[in-house]
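In what follows, a single structure is set out as structure tokens and then discussed.
Any read-out appearing in this document is the output of simple, stated calculations on the displayed coordinates, not a laboratory observation. From a predicted model like this one, the values you see are computed outputs, not experimental measurements. All Cβ positions, glycine included, derive from the backbone under ideal geometry; neighbour counts span all protein chains shown.
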Ligand code: EPU
């Protein structure tokens, strides 16, 4: 178990490099395994979820090897089993994507149900209905979903609630189905477009990704390719907020500002300035004498305000001048607010809405990261707080923020990682980052 120890109150200044998008990489890794032959993925973030997905793919017989810190080679030639490993899949919801892979390649998938998580009940009923619509027989037994099909046949599928994961899983399955599949009310997230770009460069025939109707003309097989993962918009948004909450001035490299229009608009309402300096290079800064201002926000599917930035944004609003109203429409995701309260935040939650009354200052406290983005919220609060904050549950933050303590220290934060095992301080993410990456058992 590790903790982050942060002594707050320093305005962050300097440059930080944004990693490839975790949520894109997870889908792309599985998509690459649809082909026989080695696909090269560049700009893959070296975070825990990516490691978990690599482990799962290897257990299925797929080659998944980092040949450089951010260059991952995937080869689906050796795919040999239709059964995904129970523990790993239970830990990470995105691992349910292997269902689409197995169904497409082997016409049979046995995948554990991912179950609930800190974000509340997270069913996969839309995924299952989609597989059935493609012609699979789906059963739930002994904690596993089993889907079987003698042939997958394209059809029109209406996806409820523009689900990201469902859109990805059905794109994976439909790519190698017979005939044409149309996904209606599809998710429009940039990660969906990234997946379509990869699949098309592998020989798939997908049109309309990024709109709510995606048309997939099935092909017989795919071939390997080379692809660069898009920048992580959630990580970028988090670092922009780190500049805002500390009264700092940060230049972010490897950012796609087009993917961040709504959150950037909201950040500007609080007084943060966000300016494109050059392609991929963005400056986020605030006049240190100006206090952040309150604003209201509601999360929504892309291009709306992302639910994954809601917790860090609540942290930022907790020190803004005035009262903000934040409505969460995607997940049950306000449990982290109790931890922010320990730090002096004044936040009341009523069902899906948080009423945030900005306080003059936060103070350091021992707190716990309950999930990835809750952890990001606590890190931001700690950076602004007076005194020392100790954040436990850092492994959850590592799921989606690559080298967070190194990146923040690089822009002047007083932050270190302490391993609780020996009680000694020191920075050690537990994930090897240099040279050739060696597979390790991951969480
Ligand atoms: N839903 C169902 N049934 C389903 C699928 C979804 O009821 O079969 C519901 C969900 O419970 C939720 C809504 O539909 O209320 C939307 O969920 P969606 O399927 O879009 O979410 P997801 O695919 O499980 C991805 C990201 C999340 C991100 C959401 C929303 C990945 C690996 N995960 O999850 O990212 O919050 O989309 O944008 O891409 C994170 O990175 O911290 C994270 C949680």
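Counting only DSSP beta bridges with both residues in the stretch 12-110, what percent are antiparallel, rounded to the nearest 5?
Numbers: 9 of 10 bridges.
Just about 90 percent of them are antiparallel.
Considering only DSSP beta bridges whose two residues both sit in the chain, what percent are antiparallel, to the nearest 5? Mind dumping the intermediate values first?
On the way: 60 of 82 bridges.
Roughly 75 percent of the beta bridges in the chain run antiparallel, per DSSP.
Any idea what angle helix 48-59 forms with the longest principal axis of the chain, computed on alpha-carbon atoms, 0 to 90 degrees, nearest 10?
20 degrees
Between residue 276 and residue 125, what is the label-to-label distance in nm when each label sits 7 Å out along the Cα-to-Cβ direction?
Once both label points are built, they end up 4.2 nm from each other.
Label the stretch 22-218 by shape, choosing from rounded, prolate and oblate, from the square roots a ≥ b ≥ c of the eigenvalues of the Cα gyration tensor; if a/c is under 1.5 it is rounded, and otherwise prolate applies when a/b is larger than b/c, oblate when it is not. It would help to have the intermediate numbers written out before the result.
Details: a/c = 1.31, a/b = 1.13, b/c = 1.16.
Rounded shape, in that the Cα axes give a/c under 1.5.
For the Cα atoms of the chain, what angle does the longest principal axis make with the long axis of helix 372-384, in degrees from 0 to 90, nearest 10?
Relative to the chain, helix 372-384 is tipped by roughly 20 degrees.
Tell me, how many Å apart are the Cα centres for the stretch 115-191 and for the stretch 255-281?
33 Å
Find how much the distance from residue 211 to residue 36 grows on full extension, using 0.36 nm per residue of separation minus their present alpha carbon separation; answer in nm with one decimal.
On the way: separation 175, 0.36 × 175 = 63.00 nm, distance 2.95 nm.
Length gained between residue 211 and residue 36: 60.0 nm.
Where does the chain land at 222 nm, in deg cm²/dmol rounded to the nearest 500, when only DSSP H runs of n ≥ 4 count, each adding -39500 (n - 2.57), divided by all residues?
On the way: 14 runs with 132 residues, N = 443.
Estimated from H runs of four or more residues: -8500 deg cm²/dmol.
7 Å from Cα along Cα→Cβ at both residue 289 and residue 363: what's the point-to-point distance in nm?
About 2.9 nm, to one decimal.
Take the Cβ-Cβ distance between residue 296 and residue 153 as r, set R0 to 51 Å, and report the resulting FRET efficiency rounded to the nearest 0.05. Write out the running numbers ahead of the final one.
Numbers: r = 46 Å, r/R0 = 0.91.
FRET efficiency, residue 296 to residue 153: 0.65.
For residue 338 and residue 184, compute 0.36 nm times the residue count separating them, minus their Cα-Cα distance, and round to one decimal in nm.
Full extension from residue 338 to residue 184 adds 51.6 nm.
For the stretch 22-218, give me the percentage of DSSP beta bridges that are antiparallel, rounded to the nearest 5 percent. Can you show the working numbers first?
On the way: 28 of 34 bridges.
Percent antiparallel among DSSP bridges in the stretch 22-218 is about 80.
Give or take rounding to whole Å, what are the principal axis extents of the alpha carbon atoms in the chain, in descending order?
Over the chain, Cα extents along the principal axes are 65, 46, 42 Å.
For residue 201 and residue 17, calculate 0.36 nm times their separation in residues minus their Cα-Cα distance, and state this gained length in nm to one decimal.
Working: separation 184, 0.36 × 184 = 66.24 nm, distance 2.70 nm.
In short, 63.5 nm is gained.
If each of residue 351 and residue 90 carries a label point 7 Å out from its Cα toward its Cβ, how far apart are those two points in nm?
Roughly 3.4 nm, to one decimal.
Going by how many other Cβ atoms sit within 10 Å of their own, how do 40, 197, 326 line up, fewest first? Intermediate values should be presented prior to the final figure.
Numbers: 40 16, 197 19, 326 24.
The fewest-first ordering by Cβ neighbours comes to 40, 197, 326.
If you line up the long axis of helix 22-32 against the longest principal axis of the chain, both from Cα atoms, how many degrees apart are they, to the nearest 10?
Its long axis makes an angle of about 20 degrees.
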